[in-house]
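The values are calculated or read from the model by the stated rules, or taken from the named source; none is laboratory data. As the structure is a prediction and not an experimental result, all values here were calculated from the model. Quick reminder, even Gly has a Cβ in these numbers, built from the backbone with ideal geometry, and neighbours come from all protein chains shown.
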Amino acid sequence: MKAKSIKAKSPEELKIVLEESLAENFKPTLAMVFLSVKIDRKAISEILDQKGIAVFGATASGTFIDETTEKDSVVILLLDVNRDHFQIYFKEYPEKNYRETASRIAWKAMERFAKPAFLISGSHMETDAEQLLLGFEDAIGKEVNVYGGMASDDYTFSEQFVFTNGRQSNRGIVALALDEERIIINGIATCGWKAVGTEKTVTKSKGNHVITIDNEPALDITTKYGGLENITPENKEAWLEVAANFPLQLQREKGDPVMRPGLVVDWSDRSFYTSGSVPQGSKVRFSVPPDWDVMNKVVQGAQKLKETEMPEADAVVVFSCAGRILCLGPLMPEEIEGIKKVWNVPMAGMFSNAELGRATGGKLEMHNLTTCCVALKEK
């Protein structure tokens, strides 16, 4: 597999950059496209389609192909990979039948490949990404490899899109199925946030709606722990800071905890909605604001993956939570550069609304405030 990563600020600029890449006797068959919602998705797809390149695309809250983060741009990982070794599937779920939709994709992929693995992205804030993962497990089994990130929208939290050749949706899934007998895929999801204090019990919740923790309104116990004030309906930016810096860590019996920041507040009872389910009776701990060690853990996780499972790679794809760049700010390029140096191959990444992959030593999970690093190599 040959790979190149490119970036542009507009469809017009992309045409020039793409032509320069193809002039070097490079013939990509697949493009992983991450871009701002401000960029014309249709035009970008048409440019690639005219070159016979299959498109896996998602909108983002920032992008990168190296340590420099980009805004209002498009980044593309171009791959020259045998067309018989991959297939792109695209489905919408207006009925919110996430699990069934993912299961159907998995069954179709198994008609083509004996052992498929997947890179996926989904759109819409309501989408239950955990149900998508369960759909793949229903069809293939718990050993299935699925990695990805949920589409984002430049922090507007209004409308996100996934897209492929000739199609796009603000409530759908794009899935890249890979033949694992021909393409090696390995990934790791690492957070690095430190938990503090004693375990607390979610005393009332429904799905991703966390109502009370230790019998106190979820919002009140969170702000009390963080020593925060002025968290009101009129001060939405303050709540975004709470979500990014003081998220819940949902404890698991097996594997690492997963992050569950509160994203939307119900002011009527001072509860909040997280991006993934938090079962009633589950144990949670609070997190402290991140420091340098958060980035080190992500880079160390990628290095360990290289040392133990993936000594070589042809390309790397990174799905990093949009909340990480809010927390880490100017330090974020250090993390991206560290990942790049592990394999030193072409890379592309996006800042996503949620990350999908296995927690260290655990099961498939939907993550937040996490970096999911995926390495690819064609046999």
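General remarks:
- Restricting attention to the range 128-142, the residues that are touching a strand residue (DSSP E or B) at 6+ places or on another chain (Cβ under 7 Å) and either among the polar types (S, T, N, Q) or within 11 Å of ASN353 (Cα to Cα) (or both) add up to 1.
- Qualifying residue in the range 263-271 (condition: closer than 26 Å to LYS340 by Cβ and either crowded, with 19+ Cβ neighbours inside 10 Å or in the same structural domain as SER158 (by TED's automatic domain parsing) (or both)): no
- When VAL298 is tested against the conditions (1) within 23 Å of THR201 (Cα to Cα); (2) surrounded by 14 or more Cβ atoms within 10 Å (Cβ to Cβ), the lone failure is (1).
- Test set (1) farther than 30 Å from VAL55 by Cβ; (2) in a loop (DSSP other than H, G, I, E, B); (3) without any contact (Cβ under 8 Å) to a residue 24 or more places away in the chain - SER158 fails condition number: (1)
- Residue in the range 320-333 that is at pLDDT 95 or above, assigned to a helix (DSSP H, G or I) and in contact with a Lys or Arg (Cβ under 9 Å, 6 or more places away or on another chain) present: no
- Candidates PHE161, PHE136, PHE157, filtered to the one that is assigned by TED's automatic domain parsing to the domain that holds ILE88, modelled with pLDDT under 95 and hydrophobic (A, V, I, L, M, F, W, C): PHE157
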